[in-house]
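The values are calculated or read from the model by the stated rules, or taken from the named source; none is laboratory data. Because the structure is a prediction, the values reported are computed rather than measured. Using ideal geometry, Cβ is built from the backbone for each residue, glycine included, and neighbour counts are taken over all protein chains shown.
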Amino acid sequence: MAAGSTYTPIATTTLGSAQASVTFSSLGSYTDLIVVLTPIRSTSDTNTIFRFNGDSGSNYSATAMYGDGSTAASYRLTSYGWLNAGYTTTNQQTQIVQIMNYGNTTTHKSVLVRQSNTGSAAQAIVGRWANTAAITSVVFSLENGTNFATGSTFTLYGIQAA
C-alpha cells in the first residue's frame, strides 16, 4: 500500500497588503507542524520572530549557526520573549520552521528552523519553548515591529506520525 502525503496543507496566507503579523490558530491534530515562510520586508532588514500561545515572557532559548560561504558564526540566546525564524530582507527568501510534538502536554517544545536567502547565506536554529502547554497558536511578526510586505507567504502543514 502506498504511503499517504507527508505534509498535509492546513492553511496558507499570502499578504495582499502590508501586515504586522500572521497568526495560525487552527492547527489540527498532527504530531508535528511545519511552517514554510517567504517573508519580505519593504524597508530596513530585521528578523522574523514567532511566539506560541501569545506567550511573550522570557521562556524561549535558541542556539544558531550561520554562514555565507566566507564567514561562519554561531550564537546562543536564553530567556528571550520569542524565537527567531531568520533574517528578513527586501529580497524573497525561504524560512522553514518545524515544531515537534506540539500537542504534547508533558514536555517543553522543540523547534528546528532552516533559512536561506537569495544571496549565499544559510542559517540553522534549534529552539525551545520552556512550557509544557500544548501549542494552540503560532504568531509570526518582525522583531522591529514593522510590517511584512505585500506578497509575503506563510503556509502551515501538519505531519502525522508513521
In the set GLN95, GLN123, which member is modelled with pLDDT of 90 or more, polar (S, T, N, Q) and in contact with a Ser or Thr (Cβ under 9 Å, 6 or more places away or on another chain)? GLN95
Among the residues listed as THR136, THR105, THR132, THR155, the single one being among the polar types (S, T, N, Q), at pLDDT 95 or above and under 15 Å from THR31 (Cβ atoms): THR105
What residue, among those in region 16-57 that are assigned to a loop (DSSP other than H, G, I, E, B) and among the acidic types (Asp, Glu), is farthest from the chain's Cα centre (by Cα)? ASP45
Within region 121-158, the residues that are among the hydroxyl-bearing types (Ser, Thr, Tyr), in a loop (DSSP other than H, G, I, E, B), within 14 Å of the chain's Cα centre (by Cα) and farther than 13 Å from GLN19 by Cα are SER137
Filter region 1-18 for residues that are surrounded by fewer than 17 Cβ atoms within 10 Å (Cβ to Cβ) and among the polar types (S, T, N, Q); which is modelled with the lowest pLDDT? SER5
Qualifying position, being within 15 Å of THR155 (Cα to Cα) and surrounded by fewer than 17 Cβ atoms within 10 Å (Cβ to Cβ), among THR63, THR106, THR94, THR31: THR94
Give just the number: which of (1) charged (D, E, K, R); (2) surrounded by 17 or more Cβ atoms within 10 Å (Cβ to Cβ); (3) under 21 Å from PRO9 (Cα atoms) does ARG114 not satisfy? (2)
